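Single-structure report; data block below.
The values are calculated or read from the model by the stated rules, or taken from the named source; none is laboratory data. Everything numeric in this text was worked out from a predicted model, so none of it was measured. Note: ideal-geometry Cβ built from the backbone for every residue, glycine included; neighbour counts use all protein chains shown. All accessible areas refer to the heavy atoms of the entire protein, side chains included, with ligands and DNA or RNA removed. Shrake-Rupley method; radii C 1.70, N 1.55, O 1.52, S 1.80 Å.
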Amino acid sequence: MSESRIGEETAQGLAANSLWQLITVRFREYTREPEALFWSFGFPILLAIGLGIAFRSKPADLVHVAVVNNGPRATPLADALRRDKGLAIEQLAPDSAAVALRTGRVALVVLPDSGGGVRYEFDDTRPDARIARLMVNDAVQRGAGRGDVLPITEQQVRERGSRYIDFVVPGLLGMTIMGGGIWGLGFSIVDQRRKNLLKRLVATPMSRAQYLASYVISRFVLLFVEAGVLLGASALLFGVPMRGSLIGIAMIVVVSALSFGGIGLLIASRSKTIEGVSGLMNLTMLPMWVLSGVFFSSENFPGAVQPFIKALPLTATNDALRATMLRGVDLPGLWPQLAVLTIWMVLSFSVALKIFRWR
Amino acid sequence: MSSLNQSVPALFVRQLHKHYGDVRAVDGLDLSVAPGECFGLLGPNGAGKTTTIEICEGLLSADSGDVQLLGLNWDQNEKELRQRLGIQLQETELAAKLTVEETVRLFRSFYSRGRSVDDVIHLVQLDEKRTARLGKLSGGQRQRVALACAIVGDPDLLFLDEPTTGLDPQSRRQLWDLITEFKARGRTIMLTTHYMDEAQILCDRVAVVDHGKVIALGTPRDLIGSLGAEHVVDFALGEGQDGLDDPTLRGLEGVRAVRRVADRYELQVGALHRTIPALLSLLAQRNLVLSHLTTHSATLEDVFVSLTGRQLRDE
């Protein structure tokens, strides 16, 4: 009897708490918006699955080579080349061989010449053509009696962590954190300002700090679910490794979520229209999607812009996530990225709070 | 309520000024609202009503002038004032995805004291809609949710900015009942409206506002009485007919004032049973035929027209 009364009062106490109310409102608005659920959970997983299939590790491709039927030497030469399992050999008439080379169906055309030698035709800017040239030449020379001068041994290594899917999953997680912070705060706050709801709320005794805290806290809870689902799904489906500590990953997620939350708040701090804030959000996120190494390494950009790229918050997030997930780097080794993120966080929050338009 | 000192006005405004660019939205406005009074700010759109009420609500800052609420002011007592005021803004879209109960509960959580969520929902007659999302409600129902949010903190002073604008007649009457009920609890209400009937029914006193200034102040009855006429006769003559001049009309028994609006004549009269026969015999004498004749009791609308020479709703 007395126990149930205590329980009741606690429930009332919590229900009467304004921070709790604000946070539950955030969740209700979120979970009652099916599109939002898809964009934060379904989309990153679908993207990971799509990319995982497109870039799956497969046995090394066969190298396609044409041997031109221009005389009696063609067939023995083709048979000799067929012994190399890495080569796919077809015998073609001269003109169809030329077409096959031009359209890229074969990487190399082999012509037995009248002097007993062999002529190669290929496009030297194509990597697979250069490989074909090396493989075919090796087979031709061996067939003519050339042997190895040095003895060699080989070991083939295919390791988890060096595949494309392993590269892209941390990038997708970083992108999710950025999107959640920027869309999650930006849209909702501007929508409330546009509808005069923000003004209505500041006309009550509501604490403004609690209002903003409700966004940050609800983002955190959602983010841990999102990150858990994305990492869990990629570990299960693709065996993406998690070499670093969970605490390290959690720390990166928290700090980057705070800095993107601050950036989201800054973007939302003045806008009165959804169109206005959408433009600002795209302007902020688009360069980072391209530059910050989500889908391909940011090292591809020239050295001169690297310091700028490294200073972007998404680059810092992606680099830190990759370092800990793929290489097992622990927290102390992540300080440069965490420092970049902390600077973004402090700057964006302090400017946003200063210029925030409550009415 | 007993703690409230009756000698301190619930709302006191002196020489309020606010301009936007070249436009003087509020131009030296004075007001004093007594505790327990329902006070109406009446005027056409653009008269400065909303600017005035939002300055009182602490949502806008004035260029100059004094505002005191419940003996407190925004500079020093913001926290306490926020707890003691109830506010309904002119256009607020509350979150469409939340239910009535969730919305009222959210607003209740901001106030340290107040009424229970159930009571307030019952008071605004939305018991059956408590689990309905706001997006599914009618305009009148949504406006009642907004009122519920404004009174859930059990305010000493309630601000209502155009509470029934855009509602159908039935919803308006329903809201009037709710406001009257709140008033019966002895709380002070300040509302703005451009509906004369609304002010006449709800307000103990009204201030007629035009171009950011109070141009008339009093009880609706006094203001109408100031016309010196209880009725208005509105008539028009058949096509092509003329020949009535103002002095002739003013000479008719019981006529206090004459106004002409296009081809219409408007007579403010004290007693219809004297004026109408006199008017009809005058027309018969001159062989003039009526194409239109109506009478109505004088309203605040007529007060506004006689003060400004303009119709309220044409604005």
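Among (1) within 14 Å of chain B (Cβ to nearest Cβ); (2) farther than 30 Å from residue A:174 by Cβ; (3) at pLDDT 75 or above, which single condition is residue A:31 missing?
(2)
Somewhere in region B:57-75, is a residue open to solvent by 50 Å² or more (accessible area, probe 1.4 Å), in a helix (DSSP H, G or I) and within 14 Å of chain A (Cβ to nearest Cβ)?
For region B:57-75, residues open to solvent by 50 Å² or more (accessible area, probe 1.4 Å), in a helix (DSSP H, G or I) and within 14 Å of chain A (Cβ to nearest Cβ): absent.
Do any helices (runs of 4 or more DSSP H) lying entirely in region B:85-170 carry at least 2 residues that are among the acidic types (Asp, Glu), and which ones are they?
Hits in region B:85-170: B:100-110, B:117-123.
Quick check on residue A:208: is it open to solvent by 50 Å² or more (accessible area, probe 1.4 Å) and under 30 Å from residue A:324 (Cα atoms)?
Against the criterion (open to solvent by 50 Å² or more (accessible area, probe 1.4 Å) and under 30 Å from residue A:324 (Cα atoms)), residue A:208 does not qualify.
Taking residue A:262 as meeting all but one of (1) within 14 Å of chain B (Cβ to nearest Cβ); (2) in contact (Cβ under 8 Å) with a residue 40 or more places away in the chain; (3) not hydroxyl-bearing (Ser, Thr, Tyr), write down the number of the exception.
Against the list (1) within 14 Å of chain B (Cβ to nearest Cβ); (2) in contact (Cβ under 8 Å) with a residue 40 or more places away in the chain; (3) not hydroxyl-bearing (Ser, Thr, Tyr), residue A:262 comes up short only on (1).
When you go through A:290, A:277 one by one, which is the residue that is open to solvent by 10 Å² or more (accessible area, probe 1.4 Å) and in a helix (DSSP H, G or I)?
So the residue among A:290, A:277 that is open to solvent by 10 Å² or more (accessible area, probe 1.4 Å) and in a helix (DSSP H, G or I) is A:290.
Taking residue A:201 and the conditions (1) in contact with a Leu (Cβ under 8 Å, 6 or more places away or on another chain); (2) open to solvent by less than 20 Å² (accessible area, probe 1.4 Å), which numbered condition does it fall short on, given that it satisfies the others?
(1)
Checking the conditions here, which among A:106, A:110 is modelled with pLDDT of 90 or more, in contact with a helix residue (DSSP H, G or I) (Cβ under 7 Å, 6 or more places away or on another chain) and closer than 13 Å to residue A:77 by Cβ?
Just one listed residue meets the conditions, A:110.
If I go through region B:119-153 residue by residue, how many of them are crowded, with 17+ Cβ neighbours inside 10 Å and under 28 Å from residue B:35 (Cα atoms)?
15
Among the residues in region B:95-110, are any open to solvent by 20 Å² or more (accessible area, probe 1.4 Å), more than 9 Å from chain A (Cβ to nearest Cβ) and not small (Gly, Ala, Ser)?
Yes - at least one qualifying residue is present in region B:95-110.
Give the residues of region A:105-119 that are over 11 Å from residue A:66 (Cβ atoms) and either part of a helix (DSSP H, G or I) or open to solvent by less than 70 Å² (accessible area, probe 1.4 Å) (or both), sorted by residue number.
Scanning region A:105-119 gives A:112, A:113, A:116, A:117, A:118.
Looking at A:128, A:124, which is the one that is assigned to a loop (DSSP other than H, G, I, E, B) and either in contact with a helix residue (DSSP H, G or I) (Cβ under 9 Å, 6 or more places away or on another chain) or in contact (Cβ under 8 Å) with a residue 40 or more places away in the chain (or both)?
A:124
Would you list the strands (runs of 3 or more DSSP E) that sit entirely within region B:236-315 and hold 2 or more residues that are loosely packed, with under 12 Cβ neighbours inside 10 Å?
Fully inside region B:236-315 and qualifying: B:290-297.
What number goes with the only condition from (1) open to solvent by less than 10 Å² (accessible area, probe 1.4 Å); (2) assigned to a helix (DSSP H, G or I) that residue A:213 does not pass?
Only one criterion is unmet by residue A:213, namely (1).
Identify, please: which residue in region A:14-36 is open to solvent by 60 Å² or more (accessible area, probe 1.4 Å) and in a helix (DSSP H, G or I) and is, among those, farthest from residue A:228 (Cα to Cα)?
A:16
Six or more apart or on different chains, Cβ atoms under 8 Å: show the pairs whose first residue is in region B:213-224 and farther than 14 Å from residue B:196 by Cβ and whose second is at pLDDT below 85 and surrounded by 15 or more Cβ atoms within 10 Å (Cβ to Cβ).
Sorted first by the residue in region B:213-224, then by its partner, the pairs are B:215/B:307; B:215/B:308.
So, residue A:96, is that one open to solvent by 30 Å² or more (accessible area, probe 1.4 Å) and either among the acidic types (Asp, Glu) or assigned to a loop (DSSP other than H, G, I, E, B) (or both) or not?
Judged against the criteria, residue A:96 is not a match.
Could you count how many residues in region B:188-232 are more than 10 Å from the chain's Cα centre (by Cα) and either on the phi > 0 side of the Ramachandran plot or in a helix (DSSP H, G or I) (or both)?
Qualifying residue count, region B:188-232: 10.
Name every residue in region A:311-342 that is without any contact (Cβ under 8 Å) to a residue 60 or more places away in the chain and open to solvent by 10 Å² or more (accessible area, probe 1.4 Å), in order of residue number.
Passing the criteria: A:311, A:312, A:319, A:332, A:333, A:335, A:336, A:339, A:340.
Has region A:175-195 got any residue that is in a loop (DSSP other than H, G, I, E, B), closer than 23 Å to residue A:36 by Cα and free of Cβ contacts under 8 Å to residues at least 60 places away in the same chain?
Checked against the condition, which is being in a loop (DSSP other than H, G, I, E, B), closer than 23 Å to residue A:36 by Cα and free of Cβ contacts under 8 Å to residues at least 60 places away in the same chain, region A:175-195 yields at least one hit.
When the residues of region B:30-56 are filtered to those that are within 12 Å of residue B:12 (Cβ to Cβ) and assigned to a strand (DSSP E or B), which remaining residue is most open to solvent (accessible area, probe 1.4 Å)?
Only one residue tops the list, namely B:30.
Residue by residue through region B:83-94, note down the ones that are open to solvent by less than 20 Å² (accessible area, probe 1.4 Å) and in contact with a helix residue (DSSP H, G or I) (Cβ under 8 Å, 6 or more places away or on another chain).
The answer is B:86, B:87, B:88, B:89.
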